[in-house]
1. Describe numerically, in nm with one decimal, the distance between label points set 7 Å from Cα along Cα→Cβ at GLU482 and at GLN495.
2. Would you mind checking which residues have amide H under 5 Å from THR174's amide H? H placed 1.01 Å from N; only 5 or more apart, or other chain.
3. Please work out whether segment 191-342 counts as rounded, prolate or oblate from its C-alpha gyration tensor, where a ≥ b ≥ c are the square roots of the eigenvalues and a/c under 1.5 means rounded, while otherwise a/b larger than b/c means prolate and anything else oblate?
4. Can you work out ³J(HN,Hα) from phi for every residue in segment 559-570, in order, using Karplus 6.51 cos²θ - 1.76 cosθ + 1.60 and θ = phi - 60°, giving whole Hz and x for Gly and Pro?
5. Which of PRO138, GLN76, LEU229 sits farthest toward the positive end of the charge dipole of segment 11-236, with +1 on the Cβ of Lys and Arg and -1 on the Cβ of Asp and Glu?
6. Please list 3J(HN,Hα) in residue order for segment 392-398, calculated via the Karplus relation 6.51 cos²θ - 1.76 cosθ + 1.60 where θ = phi - 60°; whole Hz, with x for glycine and proline.
7. What number, in percent, do you get for the relative contact order of segment 298-446 if the mean sequence gap of Cα pairs under 8 Å and at least 6 apart is divided by its residue count?
8. Using a ≥ b ≥ c from the Cα gyration tensor of the chain (square roots of the eigenvalues), is it rounded, prolate or oblate, where a/c under 1.5 gives rounded and otherwise the larger of a/b and b/c decides, a/b for prolate?
Amino acid sequence: MTAGAEQADSAVDTVADAFVEDYVELDPLAATYLGIGGHDHQVTDLSPAGFAARYDLTRRALATMEATPATGDREQAAKDSFIERLTVSIDQYDAGTSQSQISVITSELHNIRSVFDLMDTDSVGAWDNISARLAALPTALDGYRQTLTSSAENGHVSAKRQIAAVAAQVRAWTGQEGEAGNFFTSLVQHRNVPTAQTSESQIFDLNRNAVVASDAFAEFGGFLEQELLPRGRERDGVGREAYAIESRAFLGATIDLEETYHWGWEELHRIEQEMARVAGRIAPGGSVDDAVAALDADPQRNVQGKENFRAWMQELADKTIAELTDVHFDIPEPVRRIECRIAPTSDGGIYYTGPSEDFSRPGRMWWAVPDGVDTFSTWREVTTVFHEGVPGHHLQVAQTAYRSELLNRWQRTMCWVSGHGEGWALYAERLMDDLGYLQDPGDKLGMLDGQAMRAARVIIDIGMHLELTIPSDNPFGFHPGETWNADLGLEFMRQHCRLGDAMIRFEVDRYLGWPGQAPSYKVGERSWLQAREEVRRRKGDAFDLKAFHRAALDLGSLGLDPLREALARL
């Protein structure tokens with residue numbers, strides 16, 4: 001425990017911790033994600049009444065916290081964070097977003113599907129929980145159907161592009177198309193069910209309930225296509241008013257959208273200039289594309305097969321933790337374990353899931369490999385391991401979960417702000433370059449390529465949703481004076497990101513369906529860099545980078561505005 005630190009047992013903590021207990025009773029799926037036991041056999045009520053119950057609980061908890069005095073800097077940071085998060089959650093509900101949003105990357109369907117990835121499978125009781133949860137899915141999906149229908153009737157509905165794409169994802173999850181097969185039946189056929197201790201009736205129920213769940217999902221996919229899709233919005237962008245709320249939700253800050261949009265152009269231009277310099281070290285006299293071709297052709301920089309790639313990620317993640325521990329970061333013992341896994345679906349993307357409260361379930365780095373991909377370029381992914389592992393998400397999230405002497409349960413489990421978290425992970429990538437871990441020009445180019453993609457996201461996410469005009473003097477001569485739309489977003493990403501076309505299409509669909517999230521990486525990184533420099537100027541020669549990181553991470557996840565206020569008190 002840090003000398004002089006306050007124990008996390010104040011009135012502020014009592015309110016926050018009570019909210020966790022009450023919330024997971026209403027949202028058992030969230031309990032599993034948060035690593036809180038006792039609810040794995042249940043499914044969240046996704047009917048309008050279920051959403052209303054969680055909304056009412058949030059309003060009551062917010063009012064209680066606002067009336068609760070904070071004593072000391074730690075309590076004040078916890079209170080500020082709680083108020084900021086619950087306020088924006090209420091604003092999203094009032095705007096109809098929470099109840100209506102369907103997108104290629106986030107919806108209650110995605111929450112249900114992916115929760116099974118995190119469930120315990122090591123005992124008969126654990127499989128009974130899975131079986132019970134599978135059996136409950138038809139009722140939950142019927143409630144969700146009511147919510148989406150009611151929302152649409154009240155004018156809150158996602159864009160047709162998103163609804164159609166999610167219906168296609170459902171077909172892939174249920175084995176109707178694609179290479180991944182049926183997720184639900186595969187779940188019980190290919191996992192390690194302890195058959196020696198399981199009765200025939202339990203096995204029968206498990207397999208039957210997997211089919212029941214799959215059929216319910218397939219039927220829901222039909223509802224999306226046949227009933228919700230005709231009601232979907234024609235316009236992809238959500239407009240300024242809705243975007244402002246979502247941006248604040250992801251950042252925990254209110255930003256000047258036009259200033260950020262123009263900064264995105266400048267930042268992308270700066271990064272691409274640096275990419276050109278690094279490319280010259282790989283392919284002298286050649287372009288960035290020439291350097292990429294040379295790297296992709298190097299057999300030493302390619303891994304064949306998903307399992308071999310998973311092993312490569314695990315080895316690098318473990319090596320990095322060992323080298324950074326007690327040198328550049330204070331990494332508690334339980335946090336020194338991370339698992340790298342291939343996700344059971346092929347939706348595309350890499351993501352991190354945090355540990356359970358007792359660390360019996362470790363933090364995990366997942367790769368959802370797209371169909372047909374079996375060759376992996378390591379030069380692109382070294383920086384990804386730093387982003388998802390240490391010093392990125394794993395250090396940040398798992399250390400937060402560990403700091404029970406400093407952070408209340410809500411801070412350790414429920415509080416997540418994308419601008420803070422994704423901003424830290426992107427900051428961590430750049431930090432690893434500063435620490436000398438990207439001396440190889442290929443690895444450095446991979447990091448810069450990822451940075452360029454995140455800068456391009458700032459431009460097109462804000463541009464498409466606000467339908468802004470493309471600057472006439474933009475540094476790339478890209479369609480000056482035209483108004484952003486999805487087609488221009490695709491063209492821009494193809495010009496500035498070196499991804500396969502299927503992935504680029506997914507990325508643009510993701511931005512259109514998840515307004516405000518994509519810029520949170522670069523905007524969050526910008527805030528972390530600014531905050532560090534403010535503390536450095538204030539402390540002068542006494543500034544210590546390792547101490548800054550420890551103090552900043554010990555605040556837990558919080559909005560970017562509360563983060564700046566808390567760091568100003570260091």
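1. Reported label-point gap for GLU482 and GLN495 is 0.8 nm.
2. Close amide H contacts, sequence-distant or interchain: PHE183.
3. It is oblate, given that a/c is not under 1.5 and a/b is not larger than b/c.
4. Result, rounded to whole Hz: x, 5, 5, x, 4, 4, 5, 5, 5, 5, 8, 5.
5. Towards the positive end, the residue furthest out is LEU229.
6. x, 4, 5, 4, 5, 6, 5
7. So the answer I get is 24 percent.
8. On the way: a/c = 1.26, a/b = 1.13, b/c = 1.12.
Rounded.
Just so you know, all these numbers are worked out from the coordinates, no wet-lab data involved. Because the structure is a prediction, the values reported are computed rather than measured. With ideal geometry, Cβ positions are generated from the backbone for all residues, glycine too; neighbour counts draw on all protein chains shown.
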